[in-house]
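Q: What follows is a single structure, and I will ask about it in a moment.
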């Protein structure tokens, strides 16, 4: 019974945290929509690197999903492989996000200073906040990967793995929301 209580408690804490993060991003994107009515608003096109990063994060979630399936099938080697692929794709996502920031700067869209504008500042703040959550997800993913290599997870005992997967899929879904939001609203 102790294990079930622990699992339920940790999952509830994670869900409450993710709901809080969702509310934060809902507030930021709402402020973006309201600010879009300003006279000094400058529209922009999303950098091509953000399209690539979107594909990468979707693939990373798919790899984490497959890793969970292989864990439940008892194949530690394949689980490790798919966790490593998830990590590589997650790091690639971060790389392309920074490439996207460079493309924005090349297009004259700055976050602060005399050359900045409200639209680009919002974009940097919102995507930067998402990147902070991605960094948390990468740390979680590294922990899950090393614990899996050490044989800590089994089909019967995998709470940390499951929590890591839930959070990773959450930051994936959050990016998809933000990408679609900026693509259609931006």
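Q: I need the shape label for the stretch 28-82. Rule: rounded when a/c is under 1.5, else prolate if a/b > b/c, else oblate, with a, b, c from the alpha carbon gyration tensor.
A: Because a/c hits 1.5 or more and a/b exceeds b/c, the stretch 28-82 counts as prolate.
Q: What are the extents of the Cα atoms of the stretch 1-59 along their three principal axes, listed from largest to smallest and rounded to whole Å?
A: Here the Cα extents, ordered largest to smallest, are 59, 29, 7 Å.
Q: Also: For an R0 of 30 angstrom, estimate the FRET efficiency from the Cβ-Cβ distance between residue 105 and residue 181 and round to the nearest 0.05.
A: 0.90
Q: Additional query: For Kirkwood radius over Cα pairs in Å, several values are listed as (1) 20.5; (2) 17.7; (3) 16.9; flag the one computed from this structure.
A: Of the labelled values, this structure produces (2).
Q: Let me ask something else. Please give the residues of the stretch 133-157, grouped as numeric ranges, whose backbone N is less than 14 Å from a label point set 7 Å along the Cα-to-Cβ vector of residue 72.
A: 154-157
Q: Sorted by average packing, counted as other Cβ atoms within 10 angstrom per residue and highest first, what order do 50-60, 121-131 take?
A: Top to bottom by mean Cβ count within 10 Å: 50-60, 121-131.
Q: Roughly what angle does helix 159-185 make with the longest principal axis of the chain, taking Cα atoms, 0 to 90 degrees, to the nearest 10?
A: The two axes meet at around 20 degrees.
Q: Compute the acute angle (0 to 90°) between the alpha-carbon long axis of helix 118-149 and the principal axis of greatest extent of the alpha-carbon atoms of the chain; round to the nearest 10°.
A: That helix lies at roughly 10 degrees to the long axis.
Q: A further question follows. Apply 1/(1 + (r/R0)^6) to the Cβ-Cβ distance of residue 2 and residue 146, taking R0 = 30 Å, and write down the FRET efficiency to the nearest 0.05.
A: 0.75
Q: Using only Cα atoms, locate the centre of the stretch 134-186 and the centre of the stretch 23-55, then give the distance between them in Å, rounded to an integer.
A: 24
Q: What angle do you read, to the nearest 10 degrees and between 0 and 90, between the alpha-carbon axis of helix 2-35 and the longest principal axis of the chain?
A: Long axis of 2-35 versus the principal axis of the chain: about 10 degrees.
A short reminder: the numbers here are calculations on the coordinates, not readings from a lab. The model shown is predicted, which means the values in this text are computed figures rather than measured ones. Don't worry about glycine lacking a Cβ; one is built from the backbone with ideal geometry, like all the others, and counts go over all protein chains shown.
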